[in-house]
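S.K.: After the structure tokens below, expect a handful of questions from me.
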Amino acid sequence: MRVIVITPPAPIVTWEEADQHLRLDGDDEQREMIERLVKAATQHIDGPDGWLGRALGLQTLEARMRGFCDLIRLPYQPIVDIVSVHYLDGTGQPVLVDPDTYELFGRDLGCAWGKSWPTPGAYRGHAETVRIRYRAGYAVDPSADPVEPNVPEPVKQAILLMVGDMYRFTETASDMNIAPTSIPMSTTVENLLSPYRVYA
């Protein structure tokens, strides 16, 4: 299974929270830099490429796989809802699966009672015939049913600590082109994040 990001997550740490943490007293001249540091720290731990192995900010993901199975475990919890399920027919055209066919059980997607998955066509040369698009993440969305919880406070504090480290050691962040693999993570940050880490 391969998972791609369709809609990137919204920020989970605001400029105001970072400003207060760094004691910048609302210095708007530094706002752009701080927002980039927040984005870099968040990308380091969030979503399909993140260290945590889970979704933080509300985002739309798409799981792609060879075919259907009885129960499909979706990665990068918490799972909010299913946007759509479709597959490629024998000519490579997408076919939408009727939402009445499936149900979401926590992070597992399975057939509804009395239903069965369709059989995708043998579209030659394509290993990802099934596409499951879903929303995942902690950020509050009033339209969700039920409304998902806020991002855990230890996760937000870990991001703020990473931002603080990058801000104080500007020689590693001065070009504003921070690669997610180079984000410093102190022992405190790892201790805050470890309870939320999902291992493959």
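The values are calculated or read from the model by the stated rules, or taken from the named source; none is laboratory data. Bear in mind the structure is a predicted one, so any value in this text is a computation, not a measurement. So basically every Cβ, Gly included, is an ideal-geometry build from the backbone, and we count neighbours across all protein chains shown. Accessible surface areas use protein heavy atoms only, side chains included; no ligands, DNA or RNA. Shrake-Rupley method; radii C 1.70, N 1.55, O 1.52, S 1.80 Å.
S.K.: Filtering region 16-32 down to residues that are modelled with pLDDT under 90 and surrounded by 16 or more Cβ atoms within 10 Å (Cβ to Cβ), which residue is nearest to the chain's Cα centre (by Cα)?
M.R.: GLN30
S.K.: When you look at HIS44, is it modelled with pLDDT of 90 or more and in contact with a Leu (Cβ under 8 Å, 6 or more places away or on another chain), yes or no?
M.R.: When the stated conditions are applied, HIS44 does not pass them.
S.K.: Follow-up. Filter region 76-95 down to the residues that are modelled with pLDDT of 95 or more and out of contact with any Lys or Arg (no Cβ under 7 Å at 6 or more places or on another chain), then identify the one that is farthest from MET1 (Cα to Cα).
M.R.: My answer is ILE82.
S.K.: Tell me whether region 150-170 contains one or more residues that are open to solvent by 40 Å² or more (accessible area, probe 1.4 Å), at pLDDT below 65 and assigned to a loop (DSSP other than H, G, I, E, B).
M.R.: No, that holds for no residue.
S.K.: Right, another one. Of the residues PRO120, PRO75, only one is touching an Asp or Glu at 6+ places or on another chain (Cβ under 8 Å) and either closer than 25 Å to ILE45 by Cβ or open to solvent by less than 50 Å² (accessible area, probe 1.4 Å) (or both); which?
M.R.: Just a single option satisfies the conditions, and that option is PRO120.
S.K.: Moving to a separate point now. Residues being surrounded by fewer than 11 Cβ atoms within 10 Å (Cβ to Cβ) and closer than 29 Å to ASP49 by Cβ: count how many of those fall in region 78-104.
M.R.: Adding up the residues that qualify gives 1.
S.K.: Another question about this same structure. Does THR181 qualify as being modelled with pLDDT under 90, open to solvent by 50 Å² or more (accessible area, probe 1.4 Å) and assigned to a helix (DSSP H, G or I)?
M.R.: Yes: the conditions hold for THR181.
S.K.: Could you give me the residue pairs with C-beta distances under 7 Å whose first residue belongs to region 155-167 and is over 14 Å from THR14 (Cβ atoms), whose second residue is among the small types (Gly, Ala, Ser) and surrounded by 24 or more Cβ atoms within 10 Å (Cβ to Cβ) wherever it lies, and which are 6+ apart or on separate chains?
M.R.: Between residues of region 155-167 that are over 14 Å from THR14 (Cβ atoms) and residues that are among the small types (Gly, Ala, Ser) and surrounded by 24 or more Cβ atoms within 10 Å (Cβ to Cβ), the close pairs are MET162/ALA41.
This table checks each residue for (1) more than 18 Å from TYR196 (Cα to Cα); (2) in contact (Cβ under 8 Å) with a residue 40 or more places away in the chain.
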residue	(1), (2)
MET33	yes, yes
ARG36	yes, yes
ALA41	no, yes
ARG64	yes, yes
LEU71	yes, no
VAL80	no, yes
VAL83	yes, yes
HIS86	yes, yes
TRP113	yes, no
